[in-house]
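Taking it in order: structure first as structure tokens, then the write-up.
What follows draws every value from the coordinates through simple rules; no lab data is involved. What you are looking at is a predicted structure, and each value in this text was computed from that prediction instead of being measured. Here the Cβ positions follow ideal geometry from the backbone for every residue, glycine too, while neighbour counts run over all protein chains shown.
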Amino acid sequence: MLGLVKPMPQPTEETPRARNHRASEGHVEIQNVSITFGKGSKQHTAVTETSLDIPPGEFVCILGPSGCGKSTLLNSVAGYVTPTTGSVTIDGEEIKSPGPDRGMVFQQYSLFPWKTVKENVAFGPNILGRGKTVADSTAQTFIEMVGLAKFANRYPAELSGGMQQRVGIARALANYPRVLLMDEPFGALDSQTRLMMQESLLKIWTEFGITVLFVTHDIDEAVFLGDRVLVMSAGPGKIIADIKIDLPRPRSPDIALDDDFMRLKKLCHDKIRAESLKAFEQQNA
Amino acid sequence: MAAQGAIIEMPKSGNLDPSQEARGDGEETTAQGLQPASAESSDHPGNTDQPAETAKSFQLANLLQSEHLVRWSIRIAALAVGVLAWHWATTANLNFYINFENVPEPLKVWNAFVAQISGTEFYIHILVSMQRIIIGYAFAVAIGIGLGLIMGRSKLANDILMPYIEILRPIPAVAWIPLAILMWPTEEASIIYITFLGALFPIILNTMHGVEQTPEVLIRAARSLGARQTQIFRHVVLPAALPSIATGLAVGMGVSWFSLLAGEIISGQYGIGYFTWNAYSLINYPDIVVGMLCIGLLGTGSTYAVRLATRPFLKWQEKAR
Ligand SMILES: Nc1ncnc2c1ncn2[C@@H]1O[C@H](COP(=O)(O)OP(=O)(O)O)[C@@H](O)[C@H]1O
Ligand SMILES: [Mg+2]
């Protein structure tokens, strides 16, 4: 698990334990971003006037009901969507298109079904011209990290949903990105599997010290994972609360029974509820 | 093999379905019960997910084999019944709207067949036909896949070419014959041209659909991993289209036999289609049936050969089942 092969002089020369504010890369800044789709009468604003500052190594959850613009906001960091106004930068560089410096994990299974687990994970390094040897050993390292060494030569369709998502995480990390972007990655999994995946994601993050933007509509998930939970509301999408999650780490699932956890959960819940009520009243006005 | 109406068979798209947004059911659709659902609930999935069902799968293999046997017996029996019915209809000189009086009996056909395969000319007919198929089909594969890929990727190319395809596609091979003879310098070239046309459209359309069906999320994933347009095309679009291309190739092979025969019946001095029609002119009725059955076998055989040839590229898809 340890001793990651680092073929690029990327993050730090320290061990992968280097974490949180010791990490020097992955500073995400979102400034006055608005995103509007369509033209004329079909115009629809999905995100409005949003600003964010995410320090390197932070684990940030974006929480909100479906349709409120979470994916759109995340996609602007990924580079799939260009903001209508405002700017998104990482370490000061403006984002113009998708790139290997930002790893992406999707909700839908997005592995290449014609490639084996190993070929999927090696895809990034191969594409970036790292050479086959480096790509293979990098892939091996990350497959081991997500606990799927035995499945390296299987095709995605032979794996369960949770395993596929772990391969997805390994594949995203194999490019040593500065930021990991996750769009409801565990949304399609059953609750047992989801809990397991949350725990192992935290372990990986601890090892890696990478900035994570994690989109979810599940309050428990957001509070369990994040250093910070950004609550988003719809119509048009904006961040209505920025809640610091000061729960100790490492966290285990038992933490869900702690009073602090409950308190934070309720806080998120109240924020969302107040917004939903407002929206509901507006609709009926 | 169905005619051009059945061209667009959807590929069996394993877990290519991009619409698996729905929570909960994505798990089932993709994992397809290959792994026990509880496998995930352990901290060390590597140890528990192993399919530890060797004994069961052994029994299953036996069962499958015997089921295989039963099904093949049924198929052969069905054929035998058909031959018997044919024998009965011809010996009884059945003339009930359809007239069997001039239809040769199975035994006479068999004898004619044996006589043909002991000679050399029959083989020349077959070889000439196969050569035409190979040339016409090869052009159709190259041009069909090429155009299909371009049309699937570019709206402009699609808009330019689609009207031609829509107009030309329904024209049957027979209708092409007069013009083909006028257009091409040799009779041989016109027959090959007709063969080529038959295979072309199924291949173009299936390739195009395969390309269009590439799940958007896979293209996005490739882009975020650093792939450029050409790399996306090679590593994502092309493999995603392969199942559909393979279907197009198999259907195209069937249709090219179809068209070849039309061409050979009207013109030429060799070829299995010519052989069949010539037997009619010579009032050699058993040879008609020999020719027909030979065409059937060659058509089926070559379609099967195409399926075999494309199978290695679709290995990943078999695993999905
Ligand atoms: N490409 C697009 N074109 C038009 N509308 C879009 C597009 N993407 C998202 N939207 C709209 O923006 C809103 C927010 O969508 P999304 O960001 O996917 O929400 P969430 O991820 O929170 O469920 C929705 O109303 C959705 O219909
Ligand atoms: Mg979403």
Next on the checklist: From the phi angles alone, apply the Karplus equation (6.51, -1.76, 1.60; θ = phi - 60°) to the stretch B:258-270 and give each ³J(HN,Hα) in whole Hz, x where the residue is Gly or Pro.
Outcome noted: 2, 6, 3, 4, 4, x, 6, 5, 7, 9, x, 10, 9
Checklist outcome for this item: Per principal axis, largest first, the Cα atoms of the stretch B:52-167 extend in Å by 62, 56, 38
Checklist entry - Rounded to whole Å and sorted largest first, what semi-axes of the equivalent ellipsoid does the C-alpha gyration tensor of the stretch A:168-247 yield via the square root of 5 times each eigenvalue? => result 21, 15, 13
Checklist entry - If amide H atoms are built 1.01 Å from N in the plane of the peptide, which residues on other chains or at least 5 residues away come under 5 Å of the amide H of A:Met232? => result A:Leu63, A:Gly64, A:Ile240
Next on the checklist: I'd like the Kirkwood hydrodynamic radius of the protein assembly as shown, using the inverse of the mean 1/r over distinct C-alpha pairs, in Å.
Outcome noted: 28.4
Checklist entry - Using the alpha carbon gyration tensor of the stretch A:215-285, what are the three equivalent-ellipsoid semi-axes (square root of 5 times each eigenvalue), largest first, in whole Å? => result 26, 12, 9
Checklist entry - So what's Rg/Rh here for the stretch B:115-316, counting alpha carbon atoms and using the Kirkwood radius for Rh? => result 1.08
Item to check | Per residue, the convex hull volume that the Cα atoms of the stretch B:253-321 enclose (Å³) | outcome: 83
Checklist outcome for this item: Computed over chain A: longest principal axis from alpha-carbon atoms vs helix A:161-173 long axis, angle to nearest 10 degrees, is 80
Checklist entry - Average partner chain C-beta neighbours within 10 Å, per residue of A:47-56? => result 0
Checklist entry - Taking each residue of A:187-194 in turn, how many C-beta atoms of other protein chains fall within 10 Å of its C-beta, and what is the average? => result 5
Checklist outcome for this item: Beyond 16 Å, the calculated P(r) of the stretch B:126-204 holds a percent of Cα-Cα pairs equal to 55
Checklist outcome for this item: Averaged over all viewing directions, the convex hull of the alpha carbons in the stretch B:188-229 casts a projected area in nm² of 4.0
Checklist outcome for this item: Taking N as the number of residues in the stretch A:78-150, the ratio of its alpha carbon radius of gyration to 2.2 N^0.38 Å works out to 1.34
Checklist outcome for this item: Here the whole-number average of other chain Cβ atoms within 10 Å per Cβ of A:119-127 is 4
Checklist entry - Could you give the Stokes-Einstein D for chain A in µm² per second, using the C-alpha Kirkwood radius, 10 °C, 1.306 mPa s? => result 81
Checklist entry - Nearest 10 degrees, 0 to 90: what angle lies between the long axis of helix A:191-208 and the longest principal axis of chain A (Cα atoms)? => result 70
Next on the checklist: Can you give the FRET efficiency to the nearest 0.05 for B:Trp88 and B:Leu179, using r as the Cβ-Cβ distance and R₀ = 56 Å?
Outcome noted: 0.80
Item to check | Per-peptide average of other Cβ atoms within 10 Å, ordering A:38-51, B:155-168, B:233-246 highest first | outcome: B:233-246, A:38-51, B:155-168
Checklist entry - Which entries in the list A:Lys39/A:Lys238; A:Lys70/B:Lys315; A:Lys132/B:Lys315; A:Lys150/A:Lys266; A:Lys115/A:Lys203; A:Lys118/A:Lys265 go over 30 Å, if you measure between the two C-alpha atoms of each? => result A:Lys70/B:Lys315; A:Lys150/A:Lys266; A:Lys118/A:Lys265
Item to check | Theoretical gain in end-to-end length, A:Asp260 to A:Ser41 [0.36 nm per residue, Cα-Cα removed] | outcome: 74.2 nm
Item to check | Rg over Rh [alpha-carbon atoms, Kirkwood Rh] for the stretch A:112-268 | outcome: 1.01
Item to check | Loop-located trypsin sites (Lys or Arg not before Pro) in the stretch B:85-153, at most 14 other Cβ atoms within 10 Å (DSSP) | outcome: none
Next on the checklist: Ignoring everything except DSSP H segments at least 4 long, calculate the 222 nm mean residue ellipticity for chain A; use -39,500 (n - 2.57) per segment, divide by total residues, nearest 500.
Outcome noted: -11000 deg cm²/dmol
Next on the checklist: Using a Debye calculation, one point per C-alpha and no hydration shell, please list log10 I(q)/I(0) for the stretch B:186-291 at q = 0.17, 0.22, 0.24 Å⁻¹ in order.
Outcome noted: -0.80, -1.02, -1.10
Next on the checklist: For a quick size check, give me the Cα extents of the stretch A:113-206 along its three principal axes, largest first, whole Å.
Outcome noted: 39, 30, 20
